[in-house]
Amino acid sequence: EFMLVRENRSMRVLIVEDELRMASLIRRGLVSEGLAADLASNGEEALWMAPAHDYDAVVLDVMLPDLDGFEVCRRLRGAGVWSPVLMLTARDSVEDCVAGLDSGADDYLVKPFSARELLARVDGHLRLHRLRREAEDALRASQAKFSTAFDRSPLALTITSLDDSRLIEVNEAFVRFTGYSREE
Ligand code: CA
């Protein structure tokens, strides 16, 4: 089964869809799986709701009365909203798919779809999101460890560019040993 809780609270999803029947169908599906779901019925509404709440995912219809879903997605990314975005469309066209991914969407669902499918996708993106964050943290930690080891090494060490063998960085032992300053 899905892991639908994050940090001991239920996941919260923003649904952006103007067709009320479709919107409440999606909401019912999510709520029946224990998720909380808010509804925005147009692009402008989505643009003020999403940055104000920390949504775990955004389900975004392409066909909206004001801005289209691609534009909404672009603006959300521009506003620093990095929740996974799943685009919904009635058309299964390659152009839509490309436009959706270009605008910063994470995934693409073609109507009609089942609530289970939507949940499986949302869950998959949440896991990816978490893994990416962990990988970034691990990378930062290993970079910090490397630069500490480099600086504290008793050996005079240098880092040179792979392209032209230019000196990029020298460590403290190198500075002591050669009298070279780091700026040089
Ligand atoms: Ca729509």
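The values are calculated or read from the model by the stated rules, or taken from the named source; none is laboratory data. Here the structure is a predicted model, which is why all the values come from computation and not from measurement. Here Cβ is always computed from backbone atoms with ideal geometry, including for glycine, and neighbour counts include all displayed protein chains. Areas reflect the complete protein model, heavy atoms only, side chains present, ligands, DNA and RNA absent. Shrake-Rupley method; radii C 1.70, N 1.55, O 1.52, S 1.80 Å.
Here the chain is treated with +1 on each Lys and Arg Cβ and -1 on each Asp and Glu Cβ, and its dipole about the Cα centre works out to around 680 debye.
Take every DSSP beta bridge whose two residues both sit in the chain; close to 25 percent of them are antiparallel.
Per residue, the average separation of C-alpha pairs within less than 8 Å and at least 6 apart gives the stretch 1-155 a relative contact order of 19 percent.
Normalised by the number of residues in the stretch 93-184, the mean separation of alpha-carbon contacts (under 8 Å, six or more apart) gives a relative contact order of 15 percent.
The alpha carbon centroids of the stretch 118-149 and the stretch 94-117 are separated by 24 Å.
Ignoring ligands, DNA and RNA, what percent of the accessible area of the stretch 6-52 is carbon or sulfur (1.4 Å)? The value for the stretch 6-52 is 50 percent carbon and sulfur by accessible area.
With R₀ fixed at 41 Å, the C-beta to C-beta distance from Arg176 to Ser10 puts the FRET efficiency at about 0.10.
On the protein heavy atoms, probe 1.4 angstrom, tell me the percent of accessible surface of the stretch 54-182 carried by carbon and sulfur.
57 percent
In the full protein context, the chain carries 60 Å² of accessible surface per residue, based on a 1.4 Å probe and ignoring ligands, DNA and RNA. Accessible surface for Glu71 stands near 60 Å², nearest 10, in the context of the full protein assembly shown (1.4 Å probe).
Toward the positive end of the charge dipole of the stretch 133-184, with +1 on the Cβ of Lys and Arg and -1 on the Cβ of Asp and Glu, the farthest Cα among Phe150, Leu167, Ser181 is that of Phe150.
Taking only Cα atoms, what is the 0 to 90° angle, nearest 10, from helix 20-32's long axis to the longest principal axis of the chain? Taking the Cα atoms of the chain, the angle to 20-32 is about 60 degrees.
Packing around the peptides 102-108, 47-53, 127-133, 26-32, taken as the average count of other Cβ atoms within 10 Å per residue, puts them in this order, highest first: 102-108, 26-32, 47-53, 127-133. Here the dipole of the stretch 136-184 is about 240 debye; that uses its Cα centre as origin and unit charges on the Cβ of Lys and Arg (positive) and Asp and Glu (negative). With a Förster radius of 41 Å applied to the beta-carbon distance between Ala115 and Ala144, the computed FRET efficiency rounds to 0.40.
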